[in-house]
Amino acid sequence: MLIIGERINSTRKAVGEAVKARDTGFIRQEAIAQAEAGAHFLDCNGAVVGVEAEPGALVWLVQTCQEATGVPCAIDTPNAQAMEAALKAHQGQAFINSITAEKAKFDRILPLARDYKAKVVALCLDDSGIPQTLEARIRNADFLVKGLTAGGVAADDIYLDPLVFPVSTSGEAGLHVLETIRHIHAAYPGVHTVCGLSNISYGLPARKLLNRAFLVLCIGAGLDGVIADPLDQPLMALVRAGEVLLARDEFCAEYIAAARQGKLE
């Protein structure tokens, strides 16, 4: 399971203040904590500073995180100028978070994904708005897979996001995600799935409980990656347990190592 640590997001008040102040120590602490907890990529979002200042903020975030941890980053912005500046500064293969089937955004981001050989989070969303049905999500997924691969992005670098919406507003929101994950794996061998986990619990009490339960269901459906808080130790323990039970952890090696490090309880 690929873990994208979500904590360095400027919509969080403390992170937003740190980005504005260029508080290197705070960002380093966040990056190191997530890397030590098991994050494979660190999501970096600096939108709080505004469009004109965002390129500089993202470059600073990427460089600070990588200098502290050596872990690659997921560059989280709709701003193509900021995205390219961060990709230029990034060491190794980055994640682009995100591209969609919306024509203008697809046309802006595809060349960056191709030229920088980045992995991409591809949201199953197009110009018609938020997809309300499984069929609409599948239609958008089909466009994204065909368009990205034709444009020079390797199938192995595509992570389709089926879009997670709160169960507080639609009781079937979780079911739609699970159905979409299963369809993607059946229809597009070699293409991956990823989701922003915490959206599922928005507006409800005991959110971490819902997030953890939903992640287990998604892993069972075939989810390959998640954007989540790796400092949620019970959630990370469930990821490791799920990997064992689905034969994704050879000889239970990762699970045993986590147990020895005290990361399961």
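All of the numbers you see were taken from the coordinates with simple rules; none came from a lab. Computed from a predicted model, the values in this text were never measured in an experiment. All Cβ positions, glycine included, derive from the backbone under ideal geometry; neighbour counts span all protein chains shown.
Placing unit charges on the Cβ atoms only, positive for Lys and Arg and negative for Asp and Glu, gives region 127-203 a dipole magnitude near 60 debye about its Cα centre.
DSSP beta bridges fully contained in region 40-194 are about 5 percent antiparallel.
The charge dipole of region 61-108, taken about the Cα centre with unit charges on the Cβ atoms of Lys, Arg (+1) and Asp, Glu (-1), comes to about 120 debye, rounded to the nearest 20.
For region 52-144, the Cβ-based charge dipole about the Cα centre amounts to some 260 debye (Lys, Arg positive; Asp, Glu negative; other atoms uncharged).
Summarising the strand pairing of the chain, around 5 percent of its internal DSSP beta bridges are antiparallel.
Of the residues Val49, Ala85, Val71, the one whose Cα sits farthest toward the positive end of the charge dipole of the chain, with +1 on the Cβ of Lys and Arg and -1 on the Cβ of Asp and Glu, is Val49.
Amide H to amide H distances under 5 Å link Cys124 with Asp161, Leu163, where only residues 5 or more positions off or on other chains count and H is placed in the peptide plane.
Of Lys20/Lys88; Lys146/Lys208; Lys88/Lys119; Lys117/Lys208, which pairs sit farther than 24 Å apart, going by alpha carbon to alpha carbon? Too far apart for the 24 Å limit: Lys146/Lys208; Lys117/Lys208.
Taking every full run of DSSP H in the chain, the ones that stretch at least 15 Å from end to end by Cα along their long axis and average 1.0 or higher on the Kyte-Doolittle scale are 207-221.
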